[in-house]
Each structure stands twice: as C-alpha cells, then as structure tokens.
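Take a look at the structure set out below.
The values are calculated or read from the model by the stated rules, or taken from the named source; none is laboratory data. From a predicted model like this one, the values you see are computed outputs, not experimental measurements. Positions of Cβ are generated from backbone atoms using ideal geometry, with glycine treated the same way; all protein chains shown enter the neighbour counts. Areas reflect the complete protein model, heavy atoms only, side chains present, ligands, DNA and RNA absent. Shrake-Rupley method; radii C 1.70, N 1.55, O 1.52, S 1.80 Å.
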Amino acid sequence: MKILVTGAAGFIGYYVSKKLVENGHEVVGLDNINDYYDVNLKYARLERLGIQKGEATILNKSCTGILQKNFKFIRSSIEDRKALPLLFKHEQFDVVCNLAAQAGVRYSLENPEAYIDSNIVGFLNILECCRRHGIKHLVYASSSSVYGSNTKIPFETSDNVDHPVSLYAATKKSNELMAHTYSHLYNFQTTGLRFFTVYGPWGRPDMAMFLFTQAILKGEPIKVFNKGNMERDFTYIDDITEGVVRILESNPRDKEQYKIYNIGNNNSVKLLDFIKAIEKSLNIKADKLLLPMQPGDVEKTWANVDGLIDDYDYRPNTPINEGVKHFITWYKKYYG
C-alpha cells in the first residue's frame with residue numbers, strides 16, 4: 001500500500017513510519033518540523049529514516065530516503081490548503097495516517113491559536129483531501145484527554161466525553177465529530193485512536209519521562225503535580241506502534257465505517273511508582289518538588305482496550321520497568 005503519515009518527524013509518527021517501511025509499504029512522511037520542542041530531535045528521527053537534515057529543511061520538497069527507497073519525506077503543513085491537495089493528487093495514497101497535531105495540554109493554555117490552526121483547520125484539510133482523492137481509510141490521532149474529568153475507571157469509548165478540561169482536548173473531541181460527519185456524508189472509513197500516555201526512546205521532551213530523567217541527571221528537583229496523587233496509563237511506544245500498524249494494514253471493509261478505540265497499556269500506574277522506576281534505572285534518588293494540580297490536568301487515566309483486543313488482537317505487553325530502562329539507555333546514549 002501507499003500510505004501518507006503526517007507528523008512523521010514526531011515521536012509516534014517516526015515509529016509508525018519506520019515499521020510500515022520495514023513491512024514493505026510505500027510511505028510518504030509529512031511534517032512541518034515546528035519548534036514546539038527541539039527541532040534537532042525531529043531531524044535526528046528523520047535521519048534514522050534516511051532523510052538528511054539539509055534536504056528536510058526545504059519546504060514542499062519531496063526527498064527520498066537514502067536507507068529505504070520506499071520512504072519519502074516532505075516538509076509541509078497540513079494547514080496548507082494549496083500544498084496538501086497537490087500532494088494527494090500527485091501521490092494517490094491508499095491510506096492516510098494523520099498523526100500531525102499541535103500537542104500538549106499545558107501549552108494550549110498559552111497558545112490556543114496554534115491548536116485551532118493545526119488540530120482543527122489542518123484536520124479539516126486532511127478530511128477534504130481524503131474525500132476528494134478516494135482515500136479508503138483514514139486513521140487519525142485522538143487523545144485520552146477527551147475524557148476530561150471523568151472519574152469512571154477504566155475509561156471506555158462509550159463514556160460521555162462532552163466535558164473537556166483543556167483546549168487541546170476540545171480540539172481532539174472536535175476531530176472525532178468531524179471524522180464521523182465525513183464518514184457519514186462521503187462514505188469513507190475513519191478510525192480514531194485515543195492515545196494514552198506514550199513513552200519510550202526518541203520521546204517528546206515535554207513529557208514526564210523525559211523531564212524527570214533530565215532533571216534527576218542534572219541534580220535538579222522534579223516537579224510532581226497534585227503532590228504525586230496522579231495515575232497514568234503509561235504505554236510503551238512499541239506497543240502503540242504495533243496497534244497503529246495493525247489497523248493501517250487491515251482491510252477496513254471488515255470494520256465499521258466510523259470507529260473510535262482507546263489505545264493504551266490497559267493498566268494504570270501511580271506517578272510515584274513511575275518515578276521510582278526511573279530512580280532505580282538511574283540509581284539516583286530524585287528530589288521531588290510537590291506541586292498542586294495544574295489547570296487542564298486530570299488525576300487518573302486508564303484505558304479499556306477491549307475494542308482493539310477484539311478487533312485486532314492488540315496485546316500491549318511491555319512492563320513499566322522494562323520500558324523505563326529502554327528509555328534511560330537511549331537518553332544516556334543520545335545526550336552523552
């Protein structure tokens with residue numbers, strides 16, 4: 001198949017692109033490489049896909065990987081209403097995996113416009129291109145944040161998600177509604193994935209795993225919100241990648257036209273236990289700065305992934321201690 005992966009220089013996008021290429025698919029990666037976090041990390045991911053930094057910096061130029069000839073990359077933005085349709089027309093994709101988005105809950109409190117531009121306008125452009133260019137299946141990133149302050153545990157896709165507590169969550173809920181409308185009106189299949197806290201090597205620097213490790217190694221205190229009374233469904237990147245790729249490689253006609261899944265570890269881990277796993281792997285005791293709950297945050301997340309298990313035999317199986325160890329090994333190597 002020929003597959004478009006947007007957000008290909010991002011954390012999940014990089015892994016999904018890599019796996020699809022290894023499985024023999026023709027993959028076109030797209031990313032605008034914005035400066036929400038260190039762009040050098042994004043370029044480093046692309047280099048592992050065979051894309052040289054010098055080529056990746058040029059806007060709207062398609063470049064072929066030097067490691068795998070079935071991977072191409074183009075630096076562009078899903079908000080670009082001229083460039084995106086031209087790309088769809090030229091490449092004639094079979095399937096689209098939209099992982100491009102302005103990420104981060106706390107950042108949305110300070111930069112709301114970035115979320116509307118990327119997550120609403122950009123997603124509309126993706127839907128329009130899918131509609132007009134015969135895409136048979138759109139798989140897109142939603143988020144566990146849509147559950148808002150839901151206290152029912154574990155979270156199920158049948159739960160009410162009408163009360164988001166951050167603009168980021170509101171844009172992801174909007175994506176689900178927009179996808180439903182396009183599936184209904186224009187008869188193509190959409191699958192939304194509510195990602196739960198993803199971690200692992202090459203992860204985002206704004207995520208807890210990265211921030212904690214960085215601070216502990218520098219001898220700085222780590223910020224522990226809600227005084228540590230938090231739980232997260234921490235999910236290792238390999239488990240996430242396996243689930244996404246299984247869906248992309250499936251025959252969408254075997255499934256419902258519009259579908260939403262939770263994709264997580266099917267377990268909830270206490271934040272303090274997560275920190276203990278980092279401390280153990282580093283062999284360093286963390287200095288914890290206990291802080292109140294942040295606006296837009298939630299106390300606990302836990303994914304019920306029965307839908308993915310039933311439909312795709314999805315089995316997340318990476319223990320937290322093992323996943324943390326893999327990240328620490330990568331972090332020390334990458335950052336010296």
- For 2-13, 45-56, 311-322, ranked highest to lowest by mean beta-carbon neighbours within 10 Å, the order is 2-13, 45-56, 311-322
- Task: Take the alpha carbon atoms of the stretch 84-145, find their center, do the same for the stretch 208-244, and report the distance between the two centers in whole angstrom.
- Result: 26 Å
- Task: Could you work out the Kirkwood radius for the stretch 102-176, taking every pair of different alpha carbons, averaging 1/r and inverting it, reported in Å?
- Result: 13.4 Å
- Item | Those residues of the stretch 1-32 whose amide nitrogen sits under 13 Å from the label point placed on Trp330, 7 Å along Cα→Cβ | 10-19
- Task: Round to the nearest 0.05 the FRET efficiency obtained for Lys2 and Lys276 when R0 = 51 Å and r is the Cβ-Cβ distance.
- Result: 0.70
- Item | Out-of-range pairs (alpha-carbon distance over 26 Å; input Lys173/Lys227; Lys89/Lys136; Lys173/Lys280) | Lys173/Lys227; Lys173/Lys280
- Note on the structure: Result for the chain: accessible area per residue, probe 1.4 angstrom, in square angstrom, of 44 Å²
- Task: Would you pull out the residues with amide H under 5 Å of Ala8's amide H, same chain only if 5 or more places away, H placed 1.01 Å from N?
- Result: Leu30, Asp31
- Item | Quotient of C-alpha Rg and 2.2 N^0.38 Å, computed over the chain | 0.95
- Query: Can you give the calculated 222 nm mean residue ellipticity of the chain, where each DSSP H run of n ≥ 4 adds -39,500 (n - 2.57) and the sum is split over every residue, rounded to the nearest 500 deg cm²/dmol?
  - Reply: -11500 deg cm²/dmol
- Message: Bins of 5 Å, beginning at zero and ending with the bin holding the largest distance: percent of Cα pairs per bin for the stretch 164-300, please.
- Response: 2, 9, 15, 18, 18, 13, 10, 7, 5, 3, 1, 0
- Query: Can you run phi through the Karplus equation (6.51, -1.76, 1.60; θ = phi - 60°) for the stretch 25-33 and list ³J(HN,Hα) in whole Hz, with x for Gly and Pro?
  - Reply: 7, 8, 10, 10, x, 10, 7, 8, 6
- Enter the Cα centre distance for the pair the stretch 150-189 and the stretch 248-284, rounded to the nearest angstrom. 18 Å
- Item | 5 angstrom amide H check on Ala303, placed H, neighbours 5+ away | Phe155, Asn265, Asn266, Asn267
